[in-house]
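See below for the structure under consideration.
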Amino acid sequence: MLDNRLKKVAELVSGEGIACDVGTDHAYLAAELINSGKCSKVIASDVKEGPLDAARSTVEKYGIQDKVELVLSDGLDNVDLKGVTDIVIAGMGGETIAAIIERIEVGSEENENIQWILQPMTKPEILRKRLTELNLFITNEYVVEDGDKMYVIICAEYSSFDCKLTEAMSICGYFDENDETAGKYLKREAERLEKVAENLSKAGRKAEAQHYAALAEKAANGIGTEKISDLLVFLDERYPFAAQEKWDNSGYLVETSSDECSRILLSLDISDDAVNEANSKYADLIISHHPVIFEPRKKISCTDPVYKLIKYEIGAVCMHTNLDIAAGGTNGVILQKLTDKLELAGEPQPFEELGGGNTLGWIIELKESISGKNLAQLCKSIFGCEMVRTSHCADKSISRIAFCSGSGGSMLGLASEKCCDALITGDVKHDVWIDANNLGIAVLDCGHFHTENLVLRELRRVLEERFPRLDIEIAESSVDPCEYV
């Protein structure tokens, strides 16, 4: 009566109490659980009358009307969960299953001891991520093969522990590494991700293509481990720490007792939220742009991110001005973004040359001029910022543009000396606006955060290219620290 998929689901039901089958369709699972003696009562629900009528026929056929309760319900909305020990949701999309679970209070006294047996037909990675966000800990995962189809089955239970999944973890799942069928499924997933990477590469989306190629590597071979010392050597070769400004404090600022890492969180700042996110995602290391230790400290309080890094055994590598000035660093990313959108007349020129092939910002000359208003709109698109502050330049014709990430308002004089029509940067002070209007230069303040945060994708790309099995995640908490009213 049951296919291989539902046979495995039936096997996983604990039989310790009432089982609930959501989206029961023909009630085949309910009949099997009763007829096998595993359960003395089953609740079988469906959102439509048609499937419930089919379920009623099955129940009557086996004479188990007194042991199977049929309920018309959208998900679990009309289901009484008192005495329920197992909830089965099978044969729906991962997002639909997650939406059903979200509507009940998972951690309540009535629901905290339920085992969830979930069989998503699509998007298991989305379901895994949502489960952990709802404090449902994945205890086991299985893959069942039926013909040429493969079905994922997830078992989960409530846990008060704060755990979040990275994208790679949500794709790789929680399978037994010795399960050959699961290995076959993950190989298929890797092939799917490789195809996505190929299509992105053909579309010229280099960073995204590399990311999916690295996800494919992890799906096929698992999340790997690397030495932090090797990681530091690589970063130093790419963005030399010795090139940082004298006042800066870039480097391996908070060390861990281990030289190994498998998960890394990338963030513009190491804030309290970033450390908590890293801890919940089992990250061994945070790589940030802004130094977590900058000014000398006479005290480290328990609210200090440094204190939490040490407490959770999370290392911190900070790359500030060395990342800004290196080829392909922060300003290199901005240069690429602008040249993708604007046609240049000639090669980019260094804004402020620092020697050793390093430059703080760039100057570009446009083939066709652009108005100040249109340049501001373009900057909003490139940097993803909610607003752009500008000098009085809406109608100004701009063809020579200087830019510097972060806080570059003090470079207005240099922009004027180099005959630039515009300066793109962040954190512009009041007196700079006055000077810009006096000089007739268009200044565009796109925000310190937005002109720097975009480097994280490039940083992930170069790291995944060199260390494809490392789980490298851009922090969800790396967001603009300001709100706009």
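Just so it is clear, none of the values below were taken in a lab; they were calculated from the coordinates. Keep in mind it's a predicted model, so treat the numbers as computed, not measured. Heads up, the Cβs are rebuilt from the backbone with ideal geometry, glycines too, and the neighbour counts pull from every protein chain shown.
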Value in Å of the Kirkwood radius, where the stretch 4-163 supplies the Cα pairs that are averaged: 15.6
Gained length - ASP179 relative to GLU60, 0.36 nm times residue gap less alpha-carbon distance: 39.0 nm
Shape category assigned to the stretch 120-160 from the gyration tensor of Cα positions, a/c cut at 1.5: oblate
Phi-based couplings in Hz for the stretch 113-123 (Karplus 6.51, -1.76, 1.60; Gly and Pro marked x): 9, 7, 8, 9, 10, 10, 10, x, 7, 9, 6
Of LYS218/LYS246; LYS149/LYS202; LYS195/LYS308; LYS227/LYS281; LYS202/LYS367; LYS218/LYS337, those spanning more than 31 Å from alpha-carbon to alpha-carbon: LYS218/LYS246; LYS195/LYS308
Interchain or long-range residues, amide H under 5 Å from ALA442's placed H: ALA422, LEU423
Gain on full stretching of the segment that runs from ALA345 to ASP480 - 0.36 nm per residue minus C-alpha separation: 45.2 nm
Sorted peptide list for 121-132, 229-240, criterion being average Cβ within 10 angstrom, highest first: 121-132, 229-240
Under 29 Å from LYS61, Cα to Cα: lysines that are on another chain or at least 8 residues apart: LYS7, LYS8, LYS38, LYS41, LYS48, LYS82
Theoretical FRET efficiency, 1/(1+(r/R0)^6), r = Cβ-Cβ of HIS430 and VAL462, R0 35 Å, to 0.05: 0.40
12 Å cut-off, amide nitrogen to a point 7 angstrom out along GLU16 Cα→Cβ, residues in the stretch 129-169: 157-158
Rough spin-label spacing in nm, given labels placed 7 Å along Cα→Cβ, for MET150 and ALA394: 5.8
5 angstrom amide H check on GLY408, placed H, neighbours 5+ away: GLY426
Residues with amide H under 5 Å from that of ALA90, placed H, sequence gap 5 or more: VAL22, GLN119
Relative contact order of the stretch 339-449, pairs being alpha-carbon contacts under 8 Å that are 6 or more residues apart, as %: 25
Estimated [θ] at 222 nm from DSSP helical runs (n ≥ 4, -39500 (n - 2.57)) normalised by residues in the chain, nearest 500: -11500 deg cm²/dmol
Rel. contact order, % - alpha carbon contacts under 8 angstrom, at least six apart, the chain: 10
Cβ-Cβ FRET estimate between SER159 and LEU439, R0 fixed at 56 Å, reported to 0.05: 0.40
